[in-house]
Amino acid sequence: MPFRSGTVALIGRPNAGKSSLLNALVGERIAAVSRRPQTTRNRVLGLWNTPEMQVVVLDTPGLHDAWTAFNQRMVTVSEGVLGEVDAICWILDLPALVAALAGGEPILDGPLSNVRDRVVARGLPLVLVLNKTDLVPKEELLPVMAALAEISPVIVPLSAKKRTGLASLERAVSRVLPVQPALYPQDQLTTETERFIVAELIRERVMEHTEQEVPYATAVEIERFDESSREAGKVHIHARILVEKESQKAIVIGQGGRMIKKIGTEARQSIAGLLGCQVRLDLFVVVERDWTRNPRLLKELGLDG
Ligand SMILES: Nc1nc2c(ncn2[C@@H]2O[C@H](COP(=O)(O)OP(=O)(O)OP(=O)(O)O)[C@@H](O)[C@H]2O)c(=O)[nH]1
Ligand SMILES: [Mg+2]
């Protein structure tokens, strides 16, 4: 079979499982995943390498009705990728579609129909991914597929979490990619920097464990990434967890420091897995009022568009 390569964007509503799918395809945890919507804030590039193809996969922030400037920017990032890709994988939350059908609601809501029209207008191949099959009995699948057939004939049910159905996605994607050599070395997982991924893995743990507005008021900045002992199998990382208020700082630290300890322990484990070495992780929680509106900080965090 001739080798194929190209670029595919994962788009869809918040929480549909785009980042989980990226991690499943890349085979390592490089993108932040949490139970909360709007976990991903910028596009994240992962490389899906198989013996027959290399797919440059762009994970994007969830498409939603954005009301703050910061959220609007996230949606703009997602819509911007439409112009740069060979195909779109539209990730849909299967349990939500089953519920919509059962309730007689439209299967696609406003922001999604909008994107569909733009994908079609650009003539981009569209793969509909029905994610979270592990949560839905098999017999519920067919009516959903029938309801979606007019949007695209290419529909792939899978579970990003259980990593099932990925071979069908591989077949569907390979059909629409151009025949050409790999664009990046085939053992590479991402073009993001280790610093960026490390910050995301820390932020992921904050998003997963904190409540109310705290997950959304948090950013992570890597202050120091000391690799001088990497040869000896050790890396030392200093990271600042930015929040907007003292009350949020108290929550992230937790009673007797329990929360920050849990965040630190879990983040250290995933970072050590990614870097393949021991990690010493020092976390500092810092109040930075209005960081979402501070151009200097947004630039440092890579969130300035
Ligand atoms: N049961 C189940 N849960 C899943 C699956 N895929 C993702 N999830 C869960 O869905 C939640 C959201 O996953 P993410 O991958 O962060 O979703 P996302 O689409 O990237 O979300 P945003 O970045 O907020 O737009 C997490 O709790 C995941 O563990 C799946 O196949 N099955
Ligand atoms: Mg995401």
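The values are calculated or read from the model by the stated rules, or taken from the named source; none is laboratory data. On a predicted model such as this, the values are computed, not experimentally measured, just so you know. For neighbour counting, all protein chains shown are included, and Cβ atoms are generated from backbone atoms with ideal geometry for every residue, glycine included. Only protein heavy atoms, including side chains, enter the accessible area calculation; ligands, DNA and RNA are left aside. Shrake-Rupley method; radii C 1.70, N 1.55, O 1.52, S 1.80 Å.
In table form, for the structure just shown:
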quantity	calculated
Residue 51, sole failed condition from (1) in a loop (DSSP other than H, G, I, E, B); (2) surrounded by fewer than 22 Cβ atoms within 10 Å (Cβ to Cβ); (3) within 16 Å of ligand 2 (Cβ to nearest atom)	(3)
Flag for residue 242 being under 23 Å from residue 74 (Cα atoms), touching a residue at least 40 places away in the same chain (Cβ under 8 Å) and crowded, with 16+ Cβ neighbours inside 10 Å	yes
Failed condition for residue 65, given (1) within 11 Å of ligand 2 (Cβ to nearest atom); (2) surrounded by fewer than 24 Cβ atoms within 10 Å (Cβ to Cβ)	(1)
Matching residues in segment 1-20 - criterion: being of a type in the set (Ser, Thr, Tyr), open to solvent by 10 Å² or more (accessible area, probe 1.4 Å) and more than 11 Å from ligand 2 (Cβ to nearest atom)	7
Tabulated pairs, segment 167-187, first farther than 15 Å from residue 47 by Cβ and modelled with pLDDT of 95 or more, second assigned to a loop (DSSP other than H, G, I, E, B) and among the β-branched types (Val, Ile, Thr), C-beta under 8 angstrom, 6+ apart or interchain	172/154
Hits in segment 245-269 (condition: within 19 Å of residue 222 (Cβ to Cβ) and open to solvent by less than 40 Å² (accessible area, probe 1.4 Å))	252, 260, 263, 264, 267
Filter result for the condition that a residue is open to solvent by less than 40 Å² (accessible area, probe 1.4 Å), outside any loop (DSSP other than H, G, I, E, B) and not hydroxyl-bearing (Ser, Thr, Tyr), over 107, 91	91
Residue in segment 65-85 that is outside the structural domain of residue 201 (by TED's automatic domain parsing), modelled with pLDDT of 95 or more and in contact with a strand residue (DSSP E or B) (Cβ under 7 Å, 6 or more places away or on another chain) present	yes
Any hit, segment 22-29, residues being out of contact with any helix residue (DSSP H, G or I) (no Cβ under 8 Å at 6 or more places or on another chain), buried (at least 20 other Cβ atoms within 10 Å of the Cβ) and assigned to a loop (DSSP other than H, G, I, E, B)	no
Residues within segment 270-287 that are open to solvent by 30 Å² or more (accessible area, probe 1.4 Å) and either under 14 Å from residue 32 (Cα atoms) or aromatic (Phe, Trp, Tyr) (or both), tallied	2
Output for segment 34-46, where each listed residue is surrounded by fewer than 24 Cβ atoms within 10 Å (Cβ to Cβ) and among the hydrophobic types (A, V, I, L, M, F, W, C)	45
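Here's the yes/no breakdown for (1) over 10 Å from the mean Cα position of the chain (by Cα); (2) under 26 Å from residue 163 (Cα atoms); (3) away from ligand 1 (no atom under 12 Å from the Cβ):
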| residue | (1), (2), (3) |
| --- | --- |
| 36 | yes, yes, no |
| 41 | no, yes, no |
| 47 | yes, yes, yes |
| 52 | yes, yes, yes |
| 59 | no, yes, no |
| 68 | yes, no, yes |
